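A short write-up of the structure that comes next.
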Amino acid sequence: MSNAKVAAATHAAKPVADVTLVERVAELFDEQQIPFALIGASAVAARGLPRSTYDVDLLTVDKRVLDNEIWQPIREFAYVEVRRGDQFDPLKGVVWIRPEQERPIDVVVGKWKWEQRVVERAEWIQSAAGYLPTVTTSDLILLKLAAAGAQDAWDVGRLLKIVPESVVAEVEERLSDLQDDAKELWRRIRRGL
């Protein structure tokens, strides 16, 4: 049985009231054949580094999620706002999903081929957000480097203290896909270890 089918069977076995919004979004993506992966703090925690977060971040490169109509099944459970990026934005867009009594969800819509490969390499694992495709540790580091915020750099430094050298080698191998500022951030973080 495929991972998606296992997740769907688990979802089907739950009473309707116990199905989380993240599971509903994952089910919608599965129905629409939209590849996605868990990213952000939830992925950091799933990869072995405890990290507190209130929201759940998902990554896709499928621009169909920027069509308002696709979100109709979710709107009965949460407020949904679709924001498209412009030509200068590093993202195609973002979808904010804001339920009243659950954690908010941000669907980040990437636009680069390397981000598509990140989603394709995702592995199904259990996390606090549920049983979801989750970016690999090396891809999580790449995403954090590309985001380049202070929290992202801190997460990378902490991850590097717990990962095997094979993960560092994967990051080094894929680093050429990123912008120059992300490469420089990687060099600075590595020097600081």
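The table for this structure:
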{"read-out": "Projected label distance in nm at residue 190 and residue 120, using a 7 Å step from Cα toward the beta-carbon", "value": "2.5"}
{"read-out": "Extension reserve of the residue 55-residue 87 stretch, reckoned as 0.36 nm per residue once the Cα distance is removed", "value": "8.8 nm"}
{"read-out": "Nonlocal Lys pairs with alpha-carbon distance under 28 Å, the chain (8 or more apart, or different chains)", "value": "20"}
{"read-out": "Sum of -39500 (n - 2.57) over DSSP H runs of 4+, divided by residues of the chain (222 nm, nearest 500)", "value": "-13000 deg cm²/dmol"}
{"read-out": "For the chain, alpha-carbon Rg over 2.2 N^0.38 Å", "value": "1.02"}
{"read-out": "Degrees, to the nearest 10: 150-160 long Cα axis against longest axis of the chain", "value": "70"}
{"read-out": "Cα long-axis angle, helix 21-32 against the chain (0 to 90 degrees, to the nearest 10)", "value": "90"}
{"read-out": "In degrees, nearest ten, helix 137-147 long axis to first principal axis of the chain (Cα)", "value": "80"}
{"read-out": "Estimated dipole of region 137-193 in Debye, rounded to 20 [Cβ of Lys and Arg +1, of Asp and Glu -1, Cα centre]", "value": "320"}
{"read-out": "Relative contact order (percent, whole number), the chain, Cα cutoff 8 Å, 6+ residue spacing", "value": "19"}
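We did not get these values from a lab; they are worked out from the coordinates using the rules stated. Remember, it's a predicted structure, so these values are computed and weren't measured experimentally. For neighbour counting, all protein chains shown are included, and Cβ atoms are generated from backbone atoms with ideal geometry for every residue, glycine included.
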